[in-house]
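No lab work stands behind these numbers, since they all come straight from the coordinates. Here the structure is a predicted model, which means the values were calculated and not measured. Counting neighbours? That spans all protein chains shown, and the Cβs are built from the backbone with ideal geometry, glycine included.
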Amino acid sequence: MIRKMGYQWHLRQKMAEQGMFQTSELGPLLAERGVHLSREQVYRMVTQPPQRLSMDTLAALCDILTCSPNDLIEVTVAPAQVRKTAAGGGRAKHADKAVARTKIRRPDPQ
């Protein structure tokens with residue numbers, strides 16, 4: 001059994017706890033701490049879990065929201081099933097059939 005790692009991003013909830021309900025409120029606070037992000041980047045960071053996050057940005061968010069990284073990021077573990085391979089050395093069911101090339105023809109002009 002393989003363990004699939006995931007995470008939940010709680011920035012929106014932490015902002016709401018501090019009375020911040022608009023993403024535009026976060027941009028100037030980040031800039032005060034030396035993190036300069038575009039309006040679109042701030043919006044995506046709040047509304048979607050980020051794939052990459054710099055330590056500077058994480059530290060600034062924790063300072064703004066008076067929280068720890070654990071409050072923003074909740075790591076989750078879900079067991080994942082391993083797909084079993086087909087018998088016969090992993091070959092596909094119809095792998096022994098010959099592949100026929102397809103010819104595309106234009107319709108005859110009439």
For the pair M55 and I104, the simple spin-label estimate (label points 7 Å beyond Cα toward Cβ) gives in nm 5.2
Charge tally for neighbours of Q18 with beta carbon under 14 Å away, counting Lys, Arg as +1 and Asp, Glu as -1, is -2
With the 8 Å Cα cutoff and a minimum separation of six or more residues, region 2-80 has a relative contact order in percent of 56
About its Cα centre, region 2-80 carries a charge dipole, from +1 on Lys and Arg Cβ atoms and -1 on Asp and Glu Cβ atoms, whose size in debye to the nearest 20 is 360
With N residues in region 2-80, Rg(alpha-carbon) / (2.2 N^0.38 Å) equals 1.14
